[in-house]
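For reference, the structure discussed in these notes is given below.
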Amino acid sequence: MTAQIISGTEIAKQLREELKQEIAELKKKYNIVPGLATVLVGSDPASQVYIGSKVKTCEALGIYSERNDLSAEISEEELLALIDRLIKDPKIHGILVQLPLPKHINEANITLAVDPKKDVDGFHPVNVGKLMIGEPDYLPCTPHGIQELLIRSGVKISGAEVVIVGRSNIVGKPLANILLQKKTGANATVTVCHTGSSDIAFHTRRADILIVALGKPKFITADMVKEGAVVIDVGIHRIGKTNEGKSILCGDVDFDMVKEKVKAITPVPGGVGPMTITMLMLNTVRAAKIAAGLT
Ligand SMILES: NC(=O)c1ccc[n+]([C@@H]2O[C@H](COP(=O)([O-])OP(=O)(O)OC[C@H]3O[C@@H](n4cnc5c(N)ncnc54)[C@H](OP(=O)(O)O)[C@@H]3O)[C@@H](O)[C@H]2O)c1
């Protein structure tokens, strides 16, 4: 079987085009420019790259962005004061605090301090609760991106046996809640596996849609997957460098072997990754519309 490769790069491109038009219309009709403030504490190279891509994507789409890069020594009080200023700033509709934060800052306090209306990451407990009861303002970016990948690739989610490997608060748990809602693009039977699961392969082999987010390179092998399944690989790992010095990446799935057996699969890179930033942009536009009473 030759698997369909679900291209996150292509689907993210389509979505960004749609967003660009919506942003232009908001400006023309209502003089609204969605605004995103990013907050980065310290100089972690990976976090700097993520923030750089977010700011660049804002520029490309016509979203106003304000970048706040802070020293690793900043106190929790100073960070809270900045968040308070951003909450009061009418130009800013979304606030994104890049995690992880340095150890001396309590992440839970910072997540709680962001106004749920400006919480475009969807991590505030109010937004987590709203998602769970099926009335979300903002869906967290990576799980929302995965749902959109499935919908736009024509995968039937309603009635499907979905198995998710990994129960993190940013991927596995919210994704399970998104896909089990009684809604279009959801309505699946969802199983979530984790380190306490006694026989992971038993579950993964039953999956019509297998979504893997556990953070272990090539953990899912061909024998763990049902013939004709759809596989979404969230993991991303640097496993070496080419002679030219470029990073070699892989996911949590043994792509080369699994692709021979399944109906559709996401690659790494170019699968889930490009969707995450796009969904952040979508949430920022939504935040601007919520602030203006347009939704
Ligand atoms: N592309 C993107 O935009 C994006 C976004 C987020 C994450 N990621 C990637 O996705 C992967 C997962 O990220 P995460 O933040 O969700 O990870 P995480 O917070 O480390 O959580 C991993 C989850 O997998 C489970 N797990 C780990 N080893 C397992 C095993 N051997 N068997 C069964 N379950 C196991 C853990 O179980 P316990 O709960 O029992 O410990 C945990 O629930 C990482 O590679 C990350 O880089 C990519």
Work through the residues other than E76 whose Cβ is under 13 Å from its Cβ and net out their charges, Lys, Arg +1 and Asp, Glu -1. -4
Cross-link reach from K29 to aspartates and glutamates, straight Cα distance under 19 Å and at least 8 residues apart if same chain, gives E17, E18
Roughly how many Å is it from the Cα centre of the stretch 209-241 to that of the stretch 23-39, as a whole number? 37
Among N106, P116, I133, the residue whose Cα sits farthest towards the positive end of the charge dipole of the stretch 73-141, when +1 is placed on the Cβ of each Lys and Arg and -1 on the Cβ of each Asp and Glu, is I133
Return the sequence-ordered ³J(HN,Hα) values of the stretch 200-217 in whole Hz as given by the Karplus equation 6.51 cos²θ - 1.76 cosθ + 1.60 applied to θ = phi - 60°, using x for Gly and Pro. 4, 4, 4, 6, 4, 6, 8, 6, 7, 10, 10, 10, 10, 9, 10, x, 10, x
Evaluated over the chain, the Cα radius of gyration and Dmax, each in Å: 19.4, 57
Excluding ligands and nucleic acids, what accessible area in Å² is computed for S7 using a 1.4 Å probe, to the nearest 10? 40
Using Cα pairs under 8 angstrom and six or more residues apart, how large is the relative contact order of the chain, in percent? 22
Residues of type lysines that K130 reaches as a straight line, Cα spacing below 16 Å, ignoring anything fewer than 8 places off in the same chain: K117, K118, K173, K182, K183
How compact and how long is the stretch 26-67, expressed as Rg and Dmax of its alpha-carbon atoms in Å? 12.4, 40
Gyration tensor (alpha-carbon) shape descriptor, the stretch 215-295, a/c threshold 1.5: oblate
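How many percent of all Cα-Cα pairs in the stretch 114-185 sit more than 18 Å apart?
It works out to 36 percent of all Cα pairs.
Using only the Cα atoms, work out Rg/Rh for the stretch 72-116, with Rh taken as the Kirkwood radius, to two decimals.
0.95
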Inverse of mean 1/r across different Cα pairs in the stretch 93-226, Kirkwood, Å: 15.9
Could you work out the relative contact order of the stretch 1-144? I mean the mean sequence separation of Cα pairs under 8 Å and 6+ apart, divided by the number of residues, in percent. 21
Which order do Y138, Y64 take when ranked by solvent-accessible area (1.4 Å probe, heavy atoms of all protein chains), largest first? Y64, Y138
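What's the carbon and sulfur percent of the chain's accessible surface, probe 1.4 angstrom, rounded to a whole number?
After summing per-atom areas, the C and S share lands at 54 percent.
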Which one of V163, T38, I200 has its Cα pushed farthest toward the positive end of the charge dipole of the chain, where Lys and Arg give +1 and Asp and Glu give -1 at the Cβ? V163
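The values are calculated or read from the model by the stated rules, or taken from the named source; none is laboratory data. These figures come from a predicted structure and were not determined experimentally. We place every Cβ from the backbone using ideal geometry, glycine too, and count neighbours over all the protein chains shown. What goes into the accessible areas is simple: the full protein's heavy atoms, side chains included, and nothing from ligands, DNA or RNA. Shrake-Rupley method; radii C 1.70, N 1.55, O 1.52, S 1.80 Å.
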